Amino acid sequence: MFPAHPNQFGPPKPAPAWLGWLAFLFFVFAQVFSVVTSPADAMMGHLQKNMYVHVPAAWVAFGAFGVVLVASLYFLWRDDERADLLAASSAEVGSLFCGLTLVLGMLWGRPTWGVWWSWDARLTTTLVLFLIFVGYLALRSFVEDPHRRGQWSAAVGILGAINVPIVWMSVQWWRTLHQIQSNPRGLSPVYLRGLLLNVAAFTLLTIWFIWRRYEAARYERAAEHAAQAAALGGYNA
Amino acid sequence: MTTKKTKWGAMTAVGVLVIAFGWLIYGGLDSNVVYFLTPKELLAKGADGYDKPMRLGGQVKPGSVVWDEQKLDLRFAVTDGTGEVVVHSKGAPPQMFKDGQGVVVEGRYGPDGVFKSTSVMVKHSNEYKAPAKGERPSDMYKSLMKSPAT
Amino acid sequence: MPSGMAGGGVGYVVASYVITWVVLGAMLMRTVSSVRRARAEYDQAAKGEFRT
């Protein structure tokens, strides 16, 4: 289960090709299907369709940061570099979706609230979450030593992920311009179906992105290990 | 390869992180804990509430909206059920502004009892309803927009 | 009153979907090419290892 030298790992096990095809075909299906079948909302017309991109993007970002938390803790516990690489891959994918959430939220806020941005608790905590993980990625790219890089970024990753429940609860704890989480009973079934379909599609995509990015990171490290081993005279684990 | 460039980069990254965490732990959220006051809370402040930049949140009191399209002059009352404050604003309100709608307005409350607003924001509910049969959303917007002014 | 919402805010919705698709498409390209590049790099390094 735990190799004696966890950090002398070889190449990764590639993600199955069918997962990628499934993720992308299902994504295209979910998006087209939900947009085509949704009638305009009684209050905000077609703007409701923003729900099929903004909400899933936010949820998968939170999920990816959750993976960062678990992988970072595991790295600190076992000193297994693979966990650090997984945390980094998840942080990258999470940041991508978190940034997307912010942009899509602005594209909804402008026509609905009348402003692109407002410094309310939900929006601000989300921005801070995004900045923390952008900082995480910047930090990684500037620290050379893999072990130190792993420890520093694990600390930042864990602290950053703690912000996720704050973001989630912000709409309950404070009076925000942002509405509270939609209750399934407050959604017409057709919207709920579209939302769940897209959440599933975004989740699949996220798993695939993280897996492939992790795979690339594993190859990079394995190549470095192999190069080092070659320099040391043909060490071959 | 620990060059000057990487050192500066690392310091910038750490700086961003320190600011982000610092904001999170101190100050930032604390001063924004109450993002807006309700009319009741504003009125309870009395003279303390005058001429300070603040946000006021509540519902647009049905029947209170007076909109002058020529002068782009908007007046309405914000209510929370117990108190109400008259709001005066220049410029067109957001498209979803209507009677009974939740709103957040930014501006200053004056001794004359009028809240001079620089920005009117519509607070959306967390409910989404497909329109009933035969109802066209675009028609609804038009009727919503017309009724208050006339 | 302005009636920008008469069309149901279609422009904003279209922009949301375009941005989502472009961003995810770019991420797809980046991901696939990074795996390819890293794998080639590894194969190269592994060859060097076994030669010695």
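The values are calculated or read from the model by the stated rules, or taken from the named source; none is laboratory data. This one's a predicted model, so the numbers in the text were calculated from it and none came from an experiment. Reconstructed Cβ throughout: ideal geometry from the backbone, glycine too, with neighbour counts over all protein chains shown. Ligands, DNA and RNA are stripped out before the accessible areas are found, and what is left, the full protein with its side chains, is counted by its heavy atoms. Shrake-Rupley method; radii C 1.70, N 1.55, O 1.52, S 1.80 Å.
Test of understanding: among A:Leu47, A:Leu25, which residue is assigned to a helix (DSSP H, G or I) and either touching a strand residue (DSSP E or B) at 6+ places or on another chain (Cβ under 6 Å) or open to solvent by 50 Å² or more (accessible area, probe 1.4 Å) (or both)? Write out each step before concluding.
Details: A:Leu47 fails: either touching a strand residue (DSSP E or B) at 6+ places or on another chain (Cβ under 6 Å) or open to solvent by 50 Å² or more (accessible area, probe 1.4 Å) (or both).
None of the other options fit; the residue is A:Leu25.
For the structure I just gave you, tell me whether A:Leu73 is at the interface with chain C (Cβ under 10 Å from one of its Cβ atoms), open to solvent by 20 Å² or more (accessible area, probe 1.4 Å) and either more than 18 Å from C:Val14 (Cα to Cα) or in contact with a Gly (Cβ under 7 Å, 6 or more places away or on another chain) (or both). Spelling it out, it is not the case that A:Leu73 is at the interface with chain C (Cβ under 10 Å from one of its Cβ atoms), open to solvent by 20 Å² or more (accessible area, probe 1.4 Å) and either more than 18 Å from C:Val14 (Cα to Cα) or in contact with a Gly (Cβ under 7 Å, 6 or more places away or on another chain) (or both). For region B:62-77, the count of residues that are buried (at least 18 other Cβ atoms within 10 Å of the Cβ), within 14 Å of chain A (Cβ to nearest Cβ) and either among the small types (Gly, Ala, Ser) or closer than 17 Å to A:Leu177 by Cβ (or both) is zero. Taking A:Gly186 as the residue in question, decide whether it is in contact with a strand residue (DSSP E or B) (Cβ under 9 Å, 6 or more places away or on another chain) and away from chain C (no Cβ under 14 Å). So A:Gly186 passes the test.
Given the condition under 12 Å from the mean Cα position of the chain (by Cα) and either of a type outside the set (Asp, Glu) or more than 21 Å from A:Ile166 (Cβ to Cβ) (or both), answer yes or no: does some residue in region A:110-124 qualify? Walk me through how you get there before you give the answer.
Initially, region A:110-124 is screened for residues under 12 Å from the mean Cα position of the chain (by Cα), giving none.
Looking for residues that are under 12 Å from the mean Cα position of the chain (by Cα) and either of a type outside the set (Asp, Glu) or more than 21 Å from A:Ile166 (Cβ to Cβ) (or both), one finds none in region A:110-124, hence no.
Residues in region B:38-80 that are assigned to a loop (DSSP other than H, G, I, E, B) and of a type in the set (S, T, N, Q): B:Thr38, B:Ser64, B:Gln70.
Within region B:82-125, the set of residues being at the interface with another protein chain (Cβ under 10 Å from one of its Cβ atoms), in a strand (DSSP E or B), open to solvent by 10 Å² or more (accessible area, probe 1.4 Å) and hydrophobic (A, V, I, L, M, F, W, C) comprises just one member, B:Val120. Within this structure, A:Arg193 fails the test of being under 25 Å from A:Ala15 (Cβ atoms) and either at pLDDT 90 or above or at the interface with chain C (Cβ under 10 Å from one of its Cβ atoms) (or both).
Identify, please: which residue in region A:192-210 is polar (S, T, N, Q) and within 21 Å of A:Val68 (Cα to Cα) and is, among those, least open to solvent (accessible area, probe 1.4 Å)?
Of the residues in region A:192-210, the ones polar (S, T, N, Q) are A:198, A:203, A:206.
Next, only the ones that are within 21 Å of A:Val68 (Cα to Cα) stay: A:203, A:206.
On the way: A:Thr203: 57, A:Thr206: 10 Å².
Taking the candidates together, the pick is A:Thr206.
Put simply, of A:Glu81, A:Glu92 the only residue that is within 22 Å of A:Leu127 (Cβ to Cβ), open to solvent by 10 Å² or more (accessible area, probe 1.4 Å) and of a type in the set (D, E, K, R) is A:Glu92.
Quick one: would you say A:Phe202 is within 21 Å of A:Gly109 (Cβ to Cβ), at the interface with chain C (Cβ under 10 Å from one of its Cβ atoms) and in contact with a helix residue (DSSP H, G or I) (Cβ under 9 Å, 6 or more places away or on another chain)? Before you say what the answer is, go through the steps one by one.
Working: within 21 Å of A:Gly109 (Cβ to Cβ): yes; at the interface with chain C (Cβ under 10 Å from one of its Cβ atoms): yes; in contact with a helix residue (DSSP H, G or I) (Cβ under 9 Å, 6 or more places away or on another chain): yes.
So A:Phe202 passes the test.
Restricted to region A:139-174, and to residues there that are in contact (Cβ under 8 Å) with a residue 12 or more places away in the chain and within 7 Å of another protein chain (Cβ to nearest Cβ), the residue that is farthest from B:Gly9 (Cα to Cα) is A:Trp174.
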